[in-house]
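The values are calculated or read from the model by the stated rules, or taken from the named source; none is laboratory data. If you're wondering where the values come from, they're calculated on a predicted model, not measured in any experiment. With ideal geometry, Cβ positions are generated from the backbone for all residues, glycine too; neighbour counts draw on all protein chains shown. Quick note on the areas: whole protein, heavy atoms, side chains included, nothing else; ligands and nucleic acids left out. Shrake-Rupley method; radii C 1.70, N 1.55, O 1.52, S 1.80 Å.
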Amino acid sequence: MRGASYDVVVAGGSISGLLCAREVAAGGHSVLVVEEDYEIGTPEHCGGLVSSRGLEELGVVPFGGMLMHRVERARITSPDGAHAEIDAKRQNVLCISRRELDKQAAHQAQRAGADIMTRTSLQERTREGVRISGAGGGADASIINCRIMVDARGAAALAQRDRDGIIPSAQYEVYADWIEDGRVEVLPDRLKYPGFFAWVIPSGRGRGRIGAAGRGINALADRGGGGDGRGCGIIRKIFAPIWIKGPIKRFHDAGSGIITVGDAAGQAKPTTAGGIFSSGMGGILAGRAISRHLDGGDGSTRGIDGLGDSYRAAWYKRFGGEFERQSIARRILERADNGAINDVIRRVSPEALREISAEDDFDFHVSGIIKLLGAVGTARAAGSMLGAELRRLIPGQ
Ligand SMILES: Cc1cc2nc3c(=O)[nH]c(=O)nc-3n(C[C@H](O)[C@H](O)[C@H](O)COP(=O)(O)OP(=O)(O)OC[C@H]3O[C@@H](n4cnc5c(N)ncnc54)[C@H](O)[C@@H]3O)c2cc1C
């Protein structure tokens, strides 16, 4: 392998890295994806909730084993057991197999001309390329030349950058007769899951994913939505960090020729850490910008800076405003204590829930959160907790 040469090497063979590689290869450039796990899509580290419109924009068609279930309702359960339920049919949200999604993205990338090496790990960016190890690297042949490296190593890559933005999570795939088909559950509880919540995602016929994330939780012990006395049979479990601080400052480093995409660039939603769509789009937008850059266009006279700026502008145009408002909403919600959460869930009116059901958008959902907070005069209920930030989010409060 020593001496192998590519235009682009992508580190991380999950949704953002694979879609980036697909776009680079489709532009006629050579690209290699290195993935440290044994198999693309495995282990499955995701709840698999995604809108069908999001999938369409990613260029992926849910077929066969990928589509597991359709979400029809979303229930928020307060710490004292009250419920508020939103009709989610209009939003067209699917529960999919993440394994199958990543496999389809890998298939598309390969068909476009990308090479993929599993069991191969990026060690470091070197002056001439990248150093890799594992199956693709061989015992001593581990340098691959490339012009651009794409960092698509996921949220774990951000751990050294800012530990405060990382929250541990655990998710269990289970059989449980109490999991209701079509109904996603969100269970906020500031004492049990500080800074996040627990969830239940049905995948059909008594099967589903239950999980929890929170600052300082014991991810090994906490079973979130299923941990409160409701029994279940565990099929598999995963532990993974999530990033909740929004996009990092710079998506590129001109000195080293690195472009960062997906969760590694903080492109998952600050409210829920969902990133199949926004991180996947990060990969696509970066891949297209890289391709144009290698063709000699799109700011290429400014080198990697021109490429990085063009990709960043495209991602911000699509997600910037929404992610900023989600970050504000997150800060407000993080300060709410259980009393305030109970208050919101108990007092939200059926009309407000109907309005959220009719207008909310799964991918750009901050307007739904605003309605929930605003609908019950939450500003009064939660007083100083909300203050100036709520006024930024809900003008007129
Ligand atoms: C428990 C949980 C549930 C979630 N549920 C949802 C959901 O329902 N809906 C949703 O939209 N999002 C969800 N997410 C978020 C979603 O999974 C991520 O936003 C998405 O996977 C990000 O994709 P990515 O390609 O950027 O990174 P990742 O999917 O994290 O992939 C990074 C890849 O890089 C590889 N890698 C790491 N280091 C190296 C290295 N040195 N060399 C080579 N390869 C390396 C890893 O093995 C991995 O395959 C969830 C996340 C978690 C943790």
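Values as computed for the structure displayed
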item	result
Across 103/317; 103/245; 103/269; 89/371; 89/237, pairs whose alpha-carbon gap is larger than 25 Å	103/317; 103/245; 89/237
Distance in nm between pseudo-label sites at residue 145 and residue 313 (7 Å out along the Cβ direction from Cα)	3.3
Residue 161 paired with residue 70, simple spin-label distance in nm, labels 7 Å along Cα-to-beta-carbon	3.8
In sequence order, calculated HN-Hα J values of the stretch 363-368 (Karplus, 6.51, -1.76, 1.60; Hz; x Gly/Pro)	7, 10, 9, 5, 5, x
16 Å Cα-Cα reach of residue 192 towards aspartates and glutamates, excluding residues that sit fewer than 8 places from it in its own chain	80, 222, 228, 334, 337
Additional length obtainable on full extension of the chain from residue 349 to residue 61, 0.36 nm per residue less Cα span	99.9 nm
Label-point separation, residue 301 to residue 337 (7 Å along Cα→Cβ), nm	6.1
Per residue, in Å², the accessible surface of the stretch 249-351 once ligands and nucleic acids are set aside, probe 1.4 Å	38
Mean Cα-pair separation over length for the stretch 31-144, i.e. relative contact order, pairs under 8 Å, 6 or more apart, %	33
Listed residues 278, 69, 105: farthest to the positive end of the dipole of the chain (Cβ charges)	278
Euclidean distance of C-alpha centroids, the stretch 54-72 and the stretch 316-337, integer Å	26
Taking the chain and dividing mean pair separation by its residue count, relative contact order in percent (alpha carbons under 8 Å, at least six apart)	19
Dipole of the chain, positive end: most advanced residue of 266, 10, 176 [Cβ charges, Cα centre]	266
Accessible area per residue in Å² at 1.4 Å probe, computed on the stretch 80-119	45
Residue-by-residue Karplus 3J(HN,Hα) for the stretch 93-105, coefficients 6.51, -1.76, 1.60, Hz, glycine and proline x	9, 10, 9, 10, 7, 5, 4, 5, 4, 5, 5, 5, 4
Cα-based shape type of the stretch 1-140, given that a ≥ b ≥ c are square roots of the gyration tensor eigenvalues and the cut on a/c is 1.5	prolate
At R0 = 41 Å, FRET efficiency that the Cβ-Cβ distance of residue 87 and residue 111 yields, to 0.05	0.60
Qualifying trypsin sites (Lys or Arg not before Pro) in the stretch 1-86, DSSP loop, other Cβ atoms within 10 Å at most 15	2
Semi-axes of the equivalent ellipsoid for the chain, Cα gyration tensor, largest first, Å	37, 23, 19
Given 13 as the ceiling on other Cβ atoms within 10 Å, longest exposed-site-free region of the chain for chymotrypsin sites (Phe, Trp or Tyr not before Pro) in DSSP loops	179-397
Two-site FRET efficiency, residue 38 against residue 234, from Cβ-Cβ distance with R₀ of 35 Å, rounded to 0.05	0.95
Sites residue 128 and residue 324, calculated FRET efficiency, Cβ-Cβ separation with R0 45 Å, nearest 0.05	0.70
In order through the stretch 269-283: 3J(HN,Hα) via Karplus (6.51 cos²θ - 1.76 cosθ + 1.60), integer Hz, x for Gly, Pro	4, x, 7, 10, 6, x, x, 4, 6, 5, 6, x, 5, x, x
